[in-house]
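Just below is one structure, and these are the notes that go with it.
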Amino acid sequence: MLKLENVTYTYQPNGPFEKTAVRDVNLQVELGEFVGIIGHTGSGKSTLIQMLNALIKPTSGKVFVDNVATTEKGANLRDIRFKVGLVMQYPEYQLFEETIYKDIAFGPKNMGLGESEIDRRVRASAQLVGIGEELLEKSPFEISGGQKRRVAIAGVLAMEPKVLILDEPTAGLDPIGREEILCKIRDMHRETGIAVILISHSMEDVARYANRIIVMNKGQIAADDTPDAIFAQVEMLESIGLSVPQITKIAEGLNRRGFALPSGIHDLQTGKFEILKAIEGVKPC
Amino acid sequence: MLRDITLGQYFPAESVIHRLDPRVKIMLTLAYIVVIFLIRNFVGYGVLFVATAFIVWLSKVPPKFMLKGLRPLLFFILLTAILNLFMTDGHEIFRLGFIRITYEGIIGAAFMVLRITFLIVASSLLTLTTTPIRLTDGLERLLNPFKKIGLPAHELAMMMTIALRFIPTLLEETDKIMKAQSARGSDFESRNVLRRAKAMIPILVPLFISAFRRADELATAMECRCYRGGEGRTRLNALKMTELDMHAIMFMILFVVLIVGANRVTWEIIWPIFY
């Protein structure tokens, strides 16, 4: 679905502030995958994903969406953007319409869909992110920050993209809100079989939802593997300013103190289950 | 796409020109501009060129980068040159129908092009080598004497600082909003003017909202730190004149003397040198 070949991106080439944000990246993402991208601030994650839907074009190399290169002359960029939906960081600033309904309908309308199809998509995506029917006729400026975020995400979901990219969708949300949004997105991913790419600073979130993790460092891909394989490389992650989920650290600490927990504990649920199982074997004195 | 604007841009480098006191730099730039208009012959422009080239070399700003700032004004420069060329009365040297070119016209056009070019080079040299903060600092201090006649020097400088501070922020924000709306299928590249104009609404509304929000937040943040205007306010980096500034002033005086001298040079003086 998505293919990157030797992609490099340089900001202000030949200027005094020249900066290469992405360097020689090769990558392929297929439908049905849930990819997590982690990396330190400034590692090139956001630049990378903006190339995936042709918002910016690589300085060198090629990005293919459905076998069409974004740099190709005459490539229909809007078409590419409808296929690859991008929710940018802090997406609530993009709201502008009079009502929430109209704002969510902005994307589908630009696609040139019929009235009834737009209506179906708006209601479906609003429901998916947990925006009730009663809110749809309200102004997007009189709801809370968390709700604004949901409306903005719904605005991209309503385009029903084949690849959904989320750039830190839960930054600045409360714990319950982040859990809810990410769970909904995972459910949708399972139902529809689209590809999801999630950028996050939270190792917990990535470990819990993604089935493939890409680690970015200084504009390059440092590792690209399953969560188990990635979080086994504690030293590598720490050397580039990242970490493993807290529960993984706890499991490791317990093992050093004589427990025999299996490796590959990265989310709370399995962690809790395995720890309880191990403790039952220990007789209280 | 909006980041390519070089107007008023700062070029970070370590140079004597960068280190000059902003007050001195502003005053010297003003003096330089006055001098540009004092020059009466090409000998003077020769001196001006050598002096300017020397300053640009000292500033370590690549000349190519400086000339890039001229490009947007090229049309304006050409227009003035053409108007001067055809509209000046004097000794006619060429005529085609109603078009006539005079000796005075050629000289006038050449002078005008040189003046505008040097004017732009001088003012961009000032902004290229001075951070906006130091620039407004210098301006505030220079305007201080006018406080007595009711000029709100500090407030003006503060407004300028804030405006300059927010230009890149707002540009970045515009870029971000444009990208977000493009991702939802907004069409900014359409050939249709009406459609392009309509596509501006989804950008302008969020931009205004965020600008107002930022203004509000900034006001609160300033009040939280007990900002109450310029009275009794001290500076973290007080401006201090150094020996370097004295050298710059001496250089300027020498330069003015040279220009005044050059103005007295006439063909009668130059002629014998060649023969």
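Just so you know, all these numbers are worked out from the coordinates, no wet-lab data involved. All of these numbers come straight from a predicted model, not from anything done at the bench. Cβ placement follows ideal geometry from the backbone for every residue including glycine, while neighbour counts extend to all protein chains displayed.
Quick one: 3J(HN,Hα) in Hz for the stretch A:93-102, Karplus 6.51/-1.76/1.60 with θ = phi - 60°, rounded, Gly and Pro as x.
Whole-Hz 3J(HN,Hα) from phi for the stretch A:93-102: 6, 7, 5, 8, 7, 6, 10, 4, 4, 5.
Tell me which residues come under 5 Å, amide H to amide H, from A:Asp224 once H is placed; ignore anything under 5 positions away on its chain.
Here the answer is A:Val215, since their amide H atoms fall under 5 Å of that of A:Asp224.
Cross-link list B:Lys60/B:Lys148; A:Lys184/A:Lys272; A:Lys3/B:Lys176; A:Lys184/B:Lys198: which exceed 30 angstrom alpha carbon to alpha carbon?
As for pairs spanning more than 30 Å Cα to Cα, those are B:Lys60/B:Lys148; A:Lys184/B:Lys198.
For peptide A:10-22, what's the mean number of Cβ atoms from other chains within 10 Å of each residue's Cβ? Numbers along the way, then the final one.
On the way: counts 0, 1, 2, 0, 1, 6, 8, 4, 0, 0, 0, 0, 0.
Average neighbour count from other chains, rounded to a whole number: 2.
Past the 30 Å Cα-Cα mark, which pairs from B:Lys68/B:Lys179; A:Lys83/A:Lys148; A:Lys45/A:Lys138; B:Lys147/B:Lys240?
Beyond 30 Å between Cα atoms: A:Lys45/A:Lys138.
In whole Hz and in residue order, list the ³J(HN,Hα) couplings for the stretch A:19-31 that follow from phi through the Karplus curve 6.51 cos²θ - 1.76 cosθ + 1.60, θ = phi - 60°; x for Gly and Pro.
Per-residue couplings from phi come out as 8, 8, 8, 10, 10, 6, 9, 10, 7, 9, 10, 10, 4 Hz.
Any chance you could tell me what percent of the C-alpha pair distances in chain B go past 25 Å? Can you show the working numbers first?
Details: 23883 of 37675 pairs.
Tail fraction, whole percent: 63.
For the stretch B:169-275, state which GluC sites (Glu not before Pro) are in a DSSP loop and have at most 14 other beta carbons lying within 10 Å of their beta carbon. Before the final figure, lay out each step's value.
Values: sites: B:Glu172, B:Glu173, B:Glu189, B:Glu217, B:Glu223, B:Glu231, B:Glu243, B:Glu268; in loops: B:Glu189, B:Glu231.
When the GluC sites (Glu not before Pro) of the stretch B:169-275 are filtered for loop state and at most 14 Cβ neighbours within 10 Å, B:Glu189, B:Glu231 remain.
List the aspartates and glutamates whose Cα sits under 17 Å from the Cα of A:Lys249, skipping any in the same chain fewer than 8 residues away.
The reachable aspartates and glutamates, counting only those whose Cα sits under 17 Å from A:Lys249, are A:Glu204, A:Asp205, A:Asp228, A:Glu235, A:Glu238, A:Asp267, A:Glu274.
Checking a compactness column here: for the protein assembly as shown, what do you get for Rg(Cα) / (2.2 N^0.38 Å), N being the number of residues? Provide the component values of the computation, followed by the final result.
Details: Rg = 31.5 Å, N = 560, 2.2 N^0.38 = 24.4 Å.
Dividing the Cα Rg of the protein assembly as shown by 2.2 N^0.38 Å gives 1.29.
Expressed in whole Å with the largest first, what are the equivalent ellipsoid semi-axes of the stretch A:116-179 derived from the C-alpha gyration tensor as the square root of 5 times each eigenvalue?
Details: eigenvalues 72, 54, 16 Å².
Here the semi-axes work out to 19, 16, 9 Å.
Residues with amide H under 5 Å of A:Val22's amide H, sequence separation 5 or more or different chain, H placed in the peptide plane at 1.01 Å from N; which?
Result for A:Val22 returns A:Tyr9.
Using a Cα-Cα cut-off of under 18 Å, which aspartates and glutamates could be cross-linked to A:Lys109, ignoring same-chain neighbours fewer than 8 residues away?
A:Asp79, A:Glu97, A:Glu98, A:Glu117, A:Asp119, A:Glu137, A:Glu160, B:Asp187, B:Glu189
Can you show me the helix-derived [θ] at 222 nm for chain A, built from DSSP H runs with n ≥ 4 at -39,500 (n - 2.57) apiece and divided by the number of residues, rounded to the nearest 500.
Working: 11 runs with 114 residues, N = 285.
Computed mean residue ellipticity for chain A: -12000 deg cm²/dmol.
List B:Ile17, B:Ile133 from most exposed to least, where exposure is judged by having the fewest other Cβ atoms within 10 Å. Show your work: numbers first, answer last.
Working: B:Ile17 21, B:Ile133 14.
Listing B:Ile17, B:Ile133 from fewest to most nearby Cβ atoms yields B:Ile133, B:Ile17.
With θ taken as phi - 60° and the coefficients 6.51, -1.76 and 1.60, list the Karplus ³J(HN,Hα) couplings across the stretch A:186-194 in order, rounded to whole Hz; mark glycine and proline as x.
Along the stretch A:186-194, the couplings run 5, 4, 5, 4, 5, 5, 9, x, 6 Hz.
Which order results if B:Arg191, B:Arg23 are arranged by neighbouring Cβ count within 10 Å, fewest first? It would help to have the intermediate numbers written out before the result.
Numbers: B:Arg191 7, B:Arg23 18.
Going from least to most buried by this count: B:Arg191, B:Arg23.
For helix A:115-128, report the angle its Cα long axis makes with the longest principal axis of the Cα atoms of chain A; keep it between 0 and 90° and round to the nearest 10°.
Roughly 20 degrees, rounded to the nearest 10.
Bin by bin, in steps of 10 Å, what percent of the Cα pairs in the stretch A:1-104 do you find, going until the bin that has the longest distance?
Taking all Cα pairs of the stretch A:1-104, the binned fractions are 13, 41, 33, 13, 1 percent.
Quick one: check the C-alpha center-to-center distance for the stretch A:123-165 versus the stretch B:187-217, whole angstrom.
Each part reduced to its Cα centre gives a spacing of 20 Å.
With a length cut of 15 Å (Cα positions projected on each helix's long axis) and a Kyte-Doolittle mean of at least -1.0, go through chain B and give me the DSSP H helices that pass.
Values: long enough: B:22-38 (24 Å, 1.88); B:42-59 (25 Å, 2.02); B:74-87 (19 Å, 2.56); B:103-129 (39 Å, 1.65); B:132-143 (16 Å, 0.08); B:153-183 (45 Å, 0.34); B:201-224 (34 Å, 0.92); B:243-264 (32 Å, 1.54).
Sorted by number, the helices that extend far enough and score high enough are B:22-38, B:42-59, B:74-87, B:103-129, B:132-143, B:153-183, B:201-224, B:243-264.
Within 10 Å of each residue's Cβ, count the other Cβ atoms and sort B:Lys25, B:Lys176 from fewest upward. The partial results should precede the final answer.
Details: B:Lys25 22, B:Lys176 19.
Fewest-to-most ranking of B:Lys25, B:Lys176: B:Lys176, B:Lys25.
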